[in-house]
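Below you'll find the structure, written out as structure tokens, and then a few comments.
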Amino acid sequence: QTCALPIFEFLKRNTTLTPKVTLPAPLILHMFAGGDAGIREGHYKDVDAFWADVIAAYRTEVGALIDAGASYIQFDDTSIAFLCDPTHRDTVRRWGSDADALLRVYAKRMNEVLAGIPGHVTVTFHQCRGNREGLWMAEGGYDPVADVLFNAIDAHGYFLEYDSARAGGFAPLRLLPKGKIAVLGIMSSKTPELETAGGLKRRIEEAGKFAPLGQLAISPQCGFSSSIVGNPLSESDQERKLARLVEVAAEVWPGSMN
């Protein structure tokens, strides 16, 4: 039984645009369980058996979505973003694991979920440090994870949180390979304060020092309703922020809004 399919079908019926469906990344199940040690304390004594079941379930879900016409699937992940944070990397060490080795495991398992997705389907990967009620759970630049994130995971693009100093600088974008897109989350979904067009353009210009402008895009750093509680913004705040993003994108990437 699939979970996202009815939601996607509703969206598809009610838009003339390309509907995007988002799923929590399978990696979250492992990270939030407490890694291999936590998995073994629960139902699974064999971690490979855990991954086999998770991957099978995700392939079923993704396959059903594609059969229903989904051509844009995004996986929302906190696990790799947490591996940017020294505090969380220490936690992984206390589990008896190495953070860099775990990162490579996550890339391998993510690719096993993505294997077999047809070429006409766009797959993106969103990195989040927490967004519930305007709060956050992790910090640290992308430097420890960027090479694996960009080059070892078979996604077409990456939505990256970049709305505050917690995400570090843009230098890791130098590792973005040709053909992939980095969507810069320079618009905050945590506060109603509206970013200026000039400020957003300056940040895009800064990012452009490390990756070609044609491989960059902009977005909110996360969704406006990451939980049922949402974030401390009104609908009009959200509308103003999205309108500002469209305004800036149209100026920086002429013709992109066609």
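Using bins of 5 Å that start at zero, the share of Cα-Cα pairs per bin across the chain amounts to 1, 6, 12, 16, 19, 19, 14, 9, 3, 1, 0, in whole %. Other residues whose C-beta falls under 13 angstrom from the C-beta of G185 contribute a net charge of +1, scoring Lys and Arg +1 and Asp and Glu -1.
Among G179, G35, G69, which one shows the highest mean-square fluctuation when the chain is modelled as a Gaussian network with alpha-carbon springs under 10 Å? Per the Cα network of the chain with a 10 Å cutoff, G179 tops the list.
Hydrophobic, long helices, defined as DSSP H runs whose alpha-carbon span along the helix axis is 18 Å or greater and whose mean Kyte-Doolittle value is at least 0.5, occur in the chain at 47-67.
A simple count of charges around T22, restricted to other residues whose Cβ falls under 13 Å of its Cβ and scoring Lys, Arg +1 and Asp, Glu -1, yields -2.
The apolar share of the surface of the chain, taken as the fraction of accessible area on carbon and sulfur atoms (1.4 Å probe, ligands and nucleic acids excluded), comes to 55 percent. The convex hull built on the alpha-carbon positions of the range 1-52 has an orientation-averaged projected area of 4.7 nm².
Extension gain, R174-K108: 0.36 nm per intervening residue step, less the Cα-Cα distance, totals 21.5 nm. Spin-label model, A56 to L17: label points 7 Å out along the Cα-to-beta-carbon direction sit 3.8 nm apart.
Centre-to-centre separation between the Cα atoms of the range 176-213 and those of the range 31-57: 36 Å.
For H88, the accessible surface of its heavy atoms amounts to roughly 50 Å² (probe 1.4 Å, protein chains only, rounded to the nearest 10). Solvent exposure of C84, expressed as accessible area, is near 10 Å², computed with a probe of 1.4 Å over the protein chains only.
Between T60, T124, T15, the GNM of the chain built on Cα springs shorter than 10 angstrom shows T15 fluctuating the most. Using R0 = 35 Å, the C-beta based FRET efficiency linking T91 and T191 works out to 0.80.
The values are calculated or read from the model by the stated rules, or taken from the named source; none is laboratory data. Since the structure is predicted, the reported quantities are computational estimates derived from the model, not experimental observations. With ideal geometry, Cβ positions are generated from the backbone for all residues, glycine too; neighbour counts draw on all protein chains shown. Note: accessible area is taken over every heavy atom of the protein model, side chains too, but ligands, DNA and RNA are not part of it. Shrake-Rupley method; radii C 1.70, N 1.55, O 1.52, S 1.80 Å.
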